[in-house]
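Working notes, beginning with the structure itself.
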Amino acid sequence: MSKKFLPIIITLVVLALSILAGYIYGQNRLNNKDNDNASTPSKKIGQNQPPAEGDDADPILAKIKDMSLEEKVGQLVIVGIDGYEIDADAQELVDEYHVGGFILLKKNVRDTDQMLSLINSLKETNAGYKIPLFLSIDEEGGRISRMPEEFFQIPTSKKIGDQNNSELAYQIGSILGEELKLFGLNMNFAPVLDINSNPDNPVIGDRAFGSNADIVTKLGIETMKGLQAENIISAVKHFPGHGDTSVDSHVGLPTVNNDLDRLESIELLPFSEAIKNKVDVVMIAHILLPKIDADHPSTFSKTIISDILRKKLNFDGVVITDDMTMGAITNNYDIGEAAVKSINAGSDIILVCHDYEKEKAVLQSLQNAAKTGAIPQERIDESVYRVLKLKEKYHLLDRTVPALGPEKINKKIEALYQEYPSLEG
């Protein structure tokens with residue numbers, strides 16, 4: 001090669017290398033830019049990307065986000081009504097306070113047609129709102145029955161306990177569930193899981209399956225399962241155990257001097273097993289246990305509700321109070337303040353069975369506490385979530401039901417008495 005071409009060749013090589021280096025540098029910049037974009041996702045979700053975690057991923061959270069404070073608070077209260085038909089007070093409790101549900105008592109039941117008409121009218125009143133009602137009742141069998149007289153009576157839990165038959169207990173739960181479904185009810189405050197350990201107990205007695213923890217546990221859970229099989233929400237009661245009381249909480253506040261060791265060895269056993277068997281609702285009793293919480297009855301004891309029931313027994317379902325208009329509360333506390341304390345202690349629903357003014361006092365106290373932060377917003381939302389989740393689980397709808405007679409149910413009850421003659425009497 002001629003020396004005169006050498007400088008030209010060197011220049012061309014250098015120029016080529018420069019071009020190549022620039023190209024490589026540009027590609028590296030482009031790749032780095034793409035990597036940066038990959039580590040910071042776009043706010044727009046691409047076609048093949050899953051939705052981001054958050055409120056939009058959970059329809060219940062999204063529904064809560066759209067609820068007013070009054071709507072949220074309303075879901076935390078179940079109320080009673082006066083008389084045989086819906087009145088202006090009940091209408092206001094739905095329209096203005098957005099209550100989560102109603103309980104029917106014996107004073108609300110004259111006969112089958114009237115009872116069905118009342119329940120259907122409650123549903124029609126609430127039908128224009130987003131969230132269906134809990135429609136509840138105390139139907140245990142025996143002396144605690146709200147059914148019209150056209151229905152044969154279910155035997156007492158004590159009679160069922162004497163049989164100590166799991167299949168019978170399940171049948172009883174199933175029949176109770178069918179009865180409630182006939183009327184469009186969806187929640188039963190039963191079965192009783194109290195152990196009747198105190199012969200002087202004035203309020204439990206034959207409402208319990210017996211004084212043996214194993215029998216109460218076994219038969220109580222089977223009754224609960226029978227109710228659930230009919231798509232009826234079972235609320236077991238009265239946590240942490242009302243069986244060793246000597247005072248009726250309808251008229252006064254019972255004191256039980258049992259410590260946690262005693263509760264864990266006896267009273268808590270049926271509730272613990274019910275939780276393991278997926279109970280949906282636990283009702284809290286109005287009793288004072290000074291060795292566990294000397295300052296608060298169970299109804300608004302954080303130790304009993306949050307520490308023992310929630311954490312120790314691992315229950316994350318719905319906690320409901322016993323009726324706040326019972327003497328145990330109204331004779332000793334302001335009902336509005338008691339309701340606020342109960343929600344802060346971990347309850348999800350306040351049950352107020354009587355007296356429109358007391359029902360309003362509870363709702364207004366909860367609203368005010370939520371507005372001022374006396375009940376944290378997170379605490380309200382936590383309970384609302386549980387309530388809506390339960391209503392969704394049981395596919396509740398404010399759908400009226402047609403009139404049906406008691407004949408089918410009565411045949412099943414009659415067959416039980418024929419199979420187990422000792423249930424009578």
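The values are calculated or read from the model by the stated rules, or taken from the named source; none is laboratory data. All values derive from a computational prediction rather than experimental measurement. Glycine also receives a Cβ, built like all others from the backbone with ideal geometry; neighbour counts cover every protein chain displayed. The area values use the complete protein model at the heavy-atom level, side chains included, leaving out ligands, DNA and RNA. Shrake-Rupley method; radii C 1.70, N 1.55, O 1.52, S 1.80 Å.
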(request) Grab the beta carbon distance between residue 85 and residue 257, set R0 = 60 Å, and tell me the FRET efficiency rounded to 0.05. (result) 0.85
(message) Give the lysines reachable from residue 123 as a straight Cα distance under 24 Å; neighbours fewer than 8 places away on the same chain don't count.
(response) 63, 72, 106, 107, 181, 358, 360, 389, 391, 393
(message) Can you compute 3J(HN,Hα) from phi for each residue in the range 261-274, using the Karplus curve 6.51 cos²θ - 1.76 cosθ + 1.60 with θ = phi - 60°, rounded to whole Hz and x for Gly and Pro?
(response) 4, 5, 4, 5, 8, 9, 4, 7, 4, x, 5, 4, 5, 4
(message) Over the Cα atoms of the range 135-198, each weighted equally, I'd like the Debye log10 I(q)/I(0) at q = 0.19, 0.23, 0.24 Å⁻¹, rounded to two decimals.
(response) -0.73, -1.04, -1.12
(request) Compute the separation of the alpha-carbon centres of the range 361-422 and the range 150-218 and state it in Å as a whole number. (result) 18
(request) Please give the solvent-accessible surface of residue 197 in Å², to the nearest 10, using a probe radius of 1.4 Å with every protein chain present. (result) 50
(request) Find which of 418, 383, 343 sits farthest along the positive direction of the dipole of the range 341-421, computed with +1 on the beta-carbon of Lys and Arg, -1 on that of Asp and Glu, about the Cα centre. (result) 383
(message) At 1.4 Å probe size, what's the solvent-accessible area of residue 176? Round to the nearest 10 Å².
(response) 0
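Under Stokes-Einstein, with the Kirkwood radius over Cα pairs standing in for Rh, what whole-number D in µm²/s applies to the range 277-398 at 25 °C and 0.890 mPa s? The partial results should precede the final answer.
Details: Rh = 14.8 Å.
Reported coefficient: 166 µm²/s.
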